[in-house]
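The values are calculated or read from the model by the stated rules, or taken from the named source; none is laboratory data. All figures in this text were calculated on a predicted structure; none of them were measured in a lab. Heads up, the Cβs are rebuilt from the backbone with ideal geometry, glycines too, and the neighbour counts pull from every protein chain shown.
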Amino acid sequence: MEVRSRVSRALMLILTLVALSSTSTAKSVDDMVVLNNGDRMTGEIKSLEHGELKFKSSYMLDPVVLNWPSVARLESKDNYIIVLASGRVLTARIQLDAAAGTNERSFVMRVGTDSVGVKQTEVIKIRLAEQNFWSQLNGSIDYGFSYTSGNSQYQTQLTVSTIYNGHGYVAGGDVSSVFSGQSQGASTRRNTFNGKYWKLFTERWFYGGLVEVLSSDQQSLDLRTALAGAVGRTMVQTSRTSLSVFGGIGVARERYSSDQPQPRTTTAESLVGLDFSTFRFRSLDINSRFLVWPSLTEPGRVRMGLNSNFRVELVKDLFWNLNLYENFDSHPLVNAKRNDLGITTSFGWKF
């Protein structure tokens with residue numbers, strides 16, 4: 001009875017948290033958009049990302065996607081989180097219109113009695129400020145399977161990734177599993193987890209932490225856990241492309257297969273990394289991360305990791321994905337392969 005009571009209380013707590021996280025302030029539906037050709041719409045501003053403004057009127061089943069440079073006027077009574085190309089993040093009411101006495105459009109952000117005006121091209125992201133947790137959580141799930149009848153070889157791949165965009169910070173993670181084998185032969189597994197937290201402390205500088213977990217039969221690696229703190233700078237930030245570099249110090253704990261001469265070890269490492277993403281042609285999305293881990297306790301040893309995704313949208317929220325991964329160790333501490341390289345394809349759904 002006591003166990004059942006505890007379970008009931010736990011379930012009630014979970015349901016309460018879900019209910020609270022689903023509660024948000026009512027959104028006004030009298031936002032106004034005017035396009036260059038004079039078309040006018042009234043409804044809700046959903047978001048601006050990748051140079052595309054999502055807008056929904058009451059008579060629309062789904063939001064329409066508008067080219068941001070084609071928007072001549074924009075106005076709303078609600079507060080939005082606005083990200084500028086400079087890296088600045090503000091929470092304000094918004095208005096876009098032609099600047100007085102010029103043909104240039106001015107994007108005005110009103111915070112209380114103060115106003116800040118920038119060029120339209122300087123605005124790269126807009127999202128509603130008073131959203132619940134789930135509304136600010138984005139992610140994807142993709143799965144791939146291949147089979148060759150000649151040698152009965154098969155491979156499966158599953159990846160789940162999420163990212164949460166807060167006010168001035170980003171937190172995210174992804175889990176991936178690749179399994180390959182033959183019906184009459186050996187099989188190999190590769191499981192990974194990557195997490196990050198970046199906090200903006202100036203317009204382009206950020207700090208935070210990374211965590212990497214890797215298990216790879218290819219490299220006789222039962223488990224490697226790497227943690228690092230880092231400071232970075234956003235070098236390029238536009239509506240469609242971003243490039244960030246960062247560096248820091250970390251520690252790695254490794255456990256190899258039990259038949260290896262040195263099954264467990266802990267090392268201190270420095271870190272240099274690069275994040276790159278670009279969005280093209282409304283349906284093409286490329287994301288890449290490259291990490292270099294020079295060892296501080298094992299002179300001459302350098303680890304490198306690359307993960308790159310080439311994603312093409314097929315229909316709404318459904319995509320085809322090509323993934324390239326590489327894990328390189330210049331001086332493995334055991335008798336194992338230095339490279340773990342793979343290319344996978346999959347189909348997925350983004351949310």
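General observations
- Residues located in region 280-293, provided they are out of contact with any Leu (no Cβ under 8 Å at 6 or more places or on another chain), more than 16 Å from residue 161 (Cβ to Cβ) and either of a type in the set (D, E, K, R) or surrounded by 16 or more Cβ atoms within 10 Å (Cβ to Cβ) (or both): 280, 282
- Any chance residue 306 is surrounded by fewer than 17 Cβ atoms within 10 Å (Cβ to Cβ), of a type in the set (A, V, I, L, M, F, W, C) and assigned by TED's automatic domain parsing to the domain that holds residue 192: yes
- The condition (being out of contact with any Cys (no Cβ under 9 Å at 6 or more places or on another chain), more than 25 Å from residue 285 (Cβ to Cβ) and in contact (Cβ under 8 Å) with a residue 24 or more places away in the chain) is satisfied by just one residue among 148, 91, 121: 91.
- Residue match in region 95-117 (condition: within 27 Å of residue 232 (Cβ to Cβ), surrounded by fewer than 18 Cβ atoms within 10 Å (Cβ to Cβ) and touching a residue at least 60 places away in the same chain (Cβ under 8 Å)): no
- Here residue 82 meets each of (1) surrounded by 17 or more Cβ atoms within 10 Å (Cβ to Cβ); (2) farther than 30 Å from residue 200 by Cα with one exception, condition (2).
- Checking each residue of region 170-177 against the condition of being assigned to a strand (DSSP E or B), among the charged types (D, E, K, R), in contact with an Asp or Glu (Cβ under 9 Å, 6 or more places away or on another chain) and on the phi < 0 side of the Ramachandran plot gives no match.
- Checking each residue in region 309-351 for being in contact with a Phe, Trp or Tyr (Cβ under 9 Å, 6 or more places away or on another chain), outside any strand (DSSP E or B) and surrounded by fewer than 15 Cβ atoms within 10 Å (Cβ to Cβ) picks out 317, 338.
- Looking only at region 168-184, and only at residues there that are of a type in the set (A, V, I, L, M, F, W, C) and touching a residue at least 24 places away in the same chain (Cβ under 8 Å), the one that is farthest from residue 84 (Cα to Cα): 179
- Pairs linking a residue in region 258-279 that is surrounded by 15 or more Cβ atoms within 10 Å (Cβ to Cβ) to a residue that is polar (S, T, N, Q) and at pLDDT below 90, with Cβ atoms under 9 Å and 6 or more positions apart or on different chains, are 260/220; 260/335; 263/257; 279/239.
- Candidates 223, 214: the one that is in the same structural domain as residue 332 (by TED's automatic domain parsing) and crowded, with 16+ Cβ neighbours inside 10 Å is 214.
- From the options 115, 161, 152, 176, residue that is more than 21 Å from residue 274 (Cβ to Cβ) and outside the structural domain of residue 91 (by TED's automatic domain parsing): 152
- Unique residue being within 25 Å of the chain's Cα centre (by Cα) and touching a residue at least 12 places away in the same chain (Cβ under 8 Å) when the list is 202, 188: 202
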